[in-house]
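Please read the structure below before turning to the comments.
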Amino acid sequence: MKMALRPYQERSLSQLYQWWQRNTATTDVPIVSVPTGGGKSVIIAELVRGLWESWPEHRPRTVVLVPSKELAEQNAAKLRAMLPAGLRVGYYSASLKQKAPDADVIVATIGSIYKHAHLIGNIKCVVIDECHRVGTDGADKGQYRKFLSDLSSMCEYRCVGYTATELRGDGKWLSAGKQPFFDGIACKVHIRELLDAGHLAPLVLPPDGTSVGTRIDTDGIKTTSGDYNLGELSERVDQYIIAAAGEAVVLAAERKKWIAFTPTVANAEHLCELLDGHGISAAVVCGSTPADERAASIEAFRAGRIRCLVTVLALATGFDVPDIDCILWLRPTKSPVLYCQGAGRGLRPAPGKTDCLWLDFSDTSERMGPVDTVRGRSKKATQEEEAKAPSKTCPECGNEVHAAHMVCEACGYVWPEEQKPPRSVSLAPILSTPAAPNITRYEVSHASYRLHRKLGKPDSMRVEYWSGMSVAGTEWVCFEHDGYARKKAVDWWQKRSELPVPDISRTAVDTSEINQPRHPVAIFVDESNKFPEIVKYEFQEEDTQE
């Protein structure tokens, strides 16, 4: 059954197909980044459904790789709901006590299947959920690489990774490294887009007049493998845990479902005891928790019999309790992945839930900034790379682009004509606060078109909308670019002209000068920032468009 997808979900699929078309080698593997709560399991199910619908004669059997049985169950449920009744969805998972290597769609826990690629036959597509778990260097012969390498020796398939955090623990892109498994980002869906559309619940700080007073001091703690040394961090956190528990009880008194993150099991058990002592029913769920006990605690939490689950990181991914309305963060970290995954537990919407309280007892939010503005760092250049032409890093996907190029060929990101000054990092908010828009409506008398050239990048068409004797707004239409920039250019042209869409910007300008495209009667311009942006068009026969 085809499900009605949200616009960003449709976009993620179309940009994935475009990426595969541009990068035809089966060894080319992209990432699709979708925030927690954005419906990755729905997108994955629609990808699989679309393959079977458009390619049935090739039997596009698919393997969906997941790190845990919880994620296996979530993905299988969506697949069964959205796929045609005749397609068999099966598990390959020891923890679920089911192994169906001959299913049309196999949802497999990686720990169960990585040695058994030879059992599953011909596969056309492999989807890796939570793909940030794949090792970034070729020397890492982990479970994912072993399974995929063994599978490649038996059949050809296309592969894609899905994640909410397309970064490594050290903040570098998954597509960086000595021999990275992933080659780029096909689509990046931003948290802010989902928040603005009402698809996520915002994270909020305590109300005005109150704040988190306990702040775990990490000075002097050494760094191990890019993050705080766990032994030293655990000892330090334990010095603050009594005060943090006392504050949490006051600040979160009106909150119904809490989740708390700590560095170690010992910290988690200590916090659980303290919360119980304050009358807050709590339970510890960690990687070492027996499966039956873990399931019972999570079920009691869902039902409201337990108010707070305390974990190390076992609940950072694959844990779906949408009505969590409070997060206690007692896990100082240098890892943007841990930060984003932990904060993401509170973003899911639920009936009656308006937001989720974020109580950070560390300086993590202050150091990393709002969670929706976290970006990756580029790989460190080698001496050989430094000798090459100057380059810059795409802020959307981490692709290295020639310094003179204004469009990223990997994801279609377009740099502004002039670089804006860097945003100063907020020291407190967990989510960024967009500037209040300053939208002005301008009536359009006519439009002009001219060729825009920039050294080192494809030509584009510059469009100026005039209101009387003044230019009210300007935009660039990128006919000669790939990916999303080209798609936007096609949509722009088809909205305004019945002539074939040009492939060359010079042709677009010449055609526009002879056969004037239909221009809007008015444009709405956001003048909040240094560079005004057209945010909406008004055409003669319609009230609002685009």
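The values are calculated or read from the model by the stated rules, or taken from the named source; none is laboratory data. All values derive from a computational prediction rather than experimental measurement. All accessible areas refer to the heavy atoms of the entire protein, side chains included, with ligands and DNA or RNA removed. Shrake-Rupley method; radii C 1.70, N 1.55, O 1.52, S 1.80 Å.
Relative to the present Cα-Cα distance, how much length would full extension add between residue 363 and residue 88 at 0.36 nm per residue of separation?
94.2 nm
Near the amide H of residue 204, within less than 5 Å, lie the amide hydrogens of 356, 357, 358, all on another chain or at least 5 residues away, with H placed in the peptide plane. Largest first, the extents of the alpha carbon coordinates of region 249-366 on the three principal axes equal 35, 33, 29 Å. Projecting the alpha carbon convex hull of region 88-149 along each direction and taking the average yields 4.3 nm². Note on region 1-72: with neighbouring protein chains present and a 1.4 Å probe, carbon and sulfur make up 55 percent of its accessible heavy-atom surface.
Only protein heavy atoms count here; under a 1.4 Å probe, residue 59 has an accessible surface of about 120 Å². Across region 465-535, Cα-Cα pairs farther apart than 19 Å form 40% of the total. Each residue of region 237-250 was assigned a 3J(HN,Hα) from its phi angle through the Karplus expression (A = 6.51, B = -1.76, C = 1.60, θ = phi - 60°), giving 4, 5, 6, 10, 6, 5, 5, 5, 4, x, 5, 4, 4, 7 Hz with x at Gly and Pro. At a probe radius of 1.4 angstrom, the accessible area of region 1-102 per residue rounds to 42 square angstrom. Separation of region 273-302 and region 201-233, taken as the distance between their Cα centroids, equals 23 angstrom. Taking the convex hull of the alpha carbon positions in region 1-145 and averaging its projected area over all directions gives 8.8 nm².
Within the accessible area of region 320-370, what % is carbon and sulfur when the probe is 1.4 Å and the other protein chains stay in place? The nonpolar share, carbon plus sulfur, comes to 52 percent. Translational diffusion coefficient of region 1-75 at 25 °C, 0.890 mPa s, Stokes-Einstein with Kirkwood Rh over Cα pairs, in µm²/s as a whole number. The diffusion coefficient I find is 179 µm²/s.
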